[in-house]
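To keep things clear, I will list the structure first and then write my remarks on it.
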Amino acid sequence: MVSRIDKLVLDAAQAEIPCLSRPFAALGAGIGVSEAEVLRILKAYKRKGVVRRIGGSFETRKLGFSSTLAGMRVKPERLAAVAGEISKFTGVTHCYEREGELNLWFTLGVRGGMSGIDNKIAEFRRLPGVEKCHSFPVKKMFKIKTLFPI
Amino acid sequence: MNTEQAIIRALQGNIPLEPAPFKKLAAGLGLPEGKFLAGVKELKRRGILRSIRAIVRHRRAGYSANAMVAWKVTESRALSFGKTAAASPAVSHCYQRVTRPGWPYNLYTMVHGRSRAEMLKVVDGLAKKTGAKEYLVLESLREFKKTSMVYF
């Protein structure tokens, strides 16, 4: 069960951890929770795996990276092997099996221009069992806001 | 590696959970805390750093149902669709993407709910509100990888 204080801390920490010398004290001050309590709660939820990471969230494009979302059609018996092979690459940050015609989806980022993405996609397309691999780069971003009220 | 890259590297993982985390990260780079914090603020000002924050595994935070929904929206309606979808608190990501032969879907939303019914209700609501009739609710069956980008 999540207490009211846990919820306050997790919601505030998902919004932003201020860039100050004592960020957890400042975060706590805004919601009436002590620095020690903020740290205790964040550590506990990190240990439980509810919090995946506490750190910087970057604008990939502004760091000179290109990215895409790709959808593949993979023979079912090769799906796990292909997913494992693709996931070995650092630039693949998300990889999911999904229902439908395209059954394996992943996000891909590489340093440099879109040609690097196209090359990597071409490489993945050659993996045994891959029948189709489409890359769907972004034309327009409308929203990225991964804040989940606890 | 320059100072800016070193700061990005320090922040792309986890910041230490202790009272003065930036002091510790700065010390690791041989920088005074003030210089590190100024560097972080500069990255924010330039829009390179969105924010420093906690990233939650939504499934473990009670949002057990989520789907990527691929929508087929006419080009002239894409902008208004994007704005409507973005306004929904249950939508975490919304992008317009290129289409491919045999794959006419051009808008993508990540939709979350505390139950499958709740998630599907959001999708249905979006379809009604925007008039979009062709869409695929692509629920995830298996997670193979979910991590954050490593830049440097």
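The values are calculated or read from the model by the stated rules, or taken from the named source; none is laboratory data. Given the structure is predicted, the values throughout are model-derived calculations rather than measurements. Please note: Cβ atoms are built from the backbone with ideal geometry, for glycine as well, and neighbour counts cover all protein chains shown.
A compact table of results
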item: Unmet requirement for A:L20, which otherwise passes all of (1) of a type outside the set (V, I, T); (2) more than 7 Å from every other protein chain (Cβ to nearest Cβ); (3) buried (at least 17 other Cβ atoms within 10 Å of the Cβ); (4) without any contact (Cβ under 8 Å) to a residue 24 or more places away in the chain; result: (3)
item: Test: B:Y105 is facing another protein chain (nearest Cβ under 8 Å) and of a type in the set (F, W, Y); result: no
item: Contacts under 9 angstrom Cβ, first residue in segment B:66-83 being more than 12 Å from B:T109 (Cα to Cα), partner acidic (D, E), 6 or more apart; result: B:V73/B:E134
item: Residue in segment B:22-29 that is of a type in the set (D, E, K, R), outside the structural domain of B:L107 (by TED's automatic domain parsing) and out of contact with any Leu (no Cβ under 8 Å at 6 or more places or on another chain) present; result: yes
item: Evaluation of A:K143 against (1) at the interface with another protein chain (Cβ under 7 Å from one of its Cβ atoms); (2) touching a helix residue (DSSP H, G or I) at 6+ places or on another chain (Cβ under 9 Å); (3) at pLDDT 95 or above (one fails), failing number; result: (3)
item: Some residue of segment A:48-62 being under 29 Å from B:R46 (Cβ atoms), more than 7 Å from every other protein chain (Cβ to nearest Cβ) and either of a type outside the set (K, R) or within 18 Å of the chain's Cα centre (by Cα) (or both); result: yes
item: Qualifying residue in segment A:30-47 (condition: within 18 Å of B:L25 (Cα to Cα) and more than 7 Å from every other protein chain (Cβ to nearest Cβ)); result: no
item: Of all residues in segment A:1-14 being surrounded by 15 or more Cβ atoms within 10 Å (Cβ to Cβ) and small (G, A, S), the one that is nearest to B:G13 (Cα to Cα); result: A:A13
item: Qualifying position, being in contact with a helix residue (DSSP H, G or I) (Cβ under 9 Å, 6 or more places away or on another chain), under 21 Å from B:R142 (Cβ atoms) and surrounded by fewer than 19 Cβ atoms within 10 Å (Cβ to Cβ), among A:E35, A:E101, A:E85, A:E77; result: A:E85
item: Which numbered condition B:S76 fails, given (1) surrounded by 18 or more Cβ atoms within 10 Å (Cβ to Cβ); (2) out of contact with any strand residue (DSSP E or B) (no Cβ under 9 Å at 6 or more places or on another chain); result: (1)
item: Total residues in segment B:47-65, condition part of a helix (DSSP H, G or I), in contact with a strand residue (DSSP E or B) (Cβ under 8 Å, 6 or more places away or on another chain) and without any contact (Cβ under 8 Å) to a residue 24 or more places away in the chain; result: 1
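For every residue, the table says whether it meets (1) under 19 Å from A:S57 (Cα atoms); (2) facing chain A (nearest Cβ under 10 Å); (3) in contact (Cβ under 8 Å) with a residue 60 or more places away in the chain.
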| residue | (1), (2), (3) |
| --- | --- |
| B:N2 | no, no, no |
| B:I15 | yes, yes, no |
| B:P21 | yes, yes, no |
| B:L29 | no, no, no |
| B:V40 | yes, yes, no |
| B:R45 | yes, no, no |
